[in-house]
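**Student:** Okay, here's the structure, questions in a sec.
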Amino acid sequence: MATEILIYTKDPCPFCERALRLLEEKKFQFKEIDLTDKPEEIDRIKSETGWRTVPIIMIDGKLVGGYNDLKALDDEGKLDSMVNV
């Protein structure tokens, strides 16, 4: 079964761009949810996840965190196994 990767972004957001680029470079399938101009939706996601900044990255419903967290998982060699490619 495919791993579900959700990334909540808004524009402008350099960390969102870096996270998207990392996911694309790894050729992962993911769904981007653009929250630009959607403050109510941003507040809802932040309260659901407890994460205060974008991007908010979820893998199979589990909060990974933001770009730095995603990059750390990749640097440690853990990201590929989480995504089951």
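The values are calculated or read from the model by the stated rules, or taken from the named source; none is laboratory data. Quick caveat: nothing in here was measured; it's all calculated off a predicted structure. Ideal geometry is used to build each Cβ from the backbone, glycine not excepted, and the neighbour counts take in all protein chains shown.
**Student:** Looking for whichever is at pLDDT 95 or above, assigned to a helix (DSSP H, G or I) and in contact with a Pro (Cβ under 7 Å, 6 or more places away or on another chain) here; the options are Ala72, Ala19. Which one fits?
**Tutor:** Of the residues listed, the single one that is at pLDDT 95 or above, assigned to a helix (DSSP H, G or I) and in contact with a Pro (Cβ under 7 Å, 6 or more places away or on another chain) is Ala19.
**Student:** Next question. State whether the residues of the range 60-76 include one that is β-branched (Val, Ile, Thr) and in contact (Cβ under 8 Å) with a residue 24 or more places away in the chain.
**Tutor:** no
**Student:** Filter the range 39-63 down to the residues that are assigned to a loop (DSSP other than H, G, I, E, B) and touching a Ser or Thr at 6+ places or on another chain (Cβ under 7 Å), then identify the one that is farthest from Thr3 (Cα to Cα).
**Tutor:** The extreme case among them is Val54.
**Student:** Oh, and also: Hey, can you tell me all the residues within the range 29-48 that are of a type in the set (Val, Ile, Thr) and modelled with pLDDT of 95 or more?
**Tutor:** Hits for the range 29-48 are Ile33, Thr36.
**Student:** Okay, next question. Considering only the range 24-50, state which residues are without any contact (Cβ under 8 Å) to a residue 40 or more places away in the chain, under 15 Å from Leu73 (Cβ atoms) and surrounded by 15 or more Cβ atoms within 10 Å (Cβ to Cβ).
**Tutor:** Passing the criteria: only Phe30.
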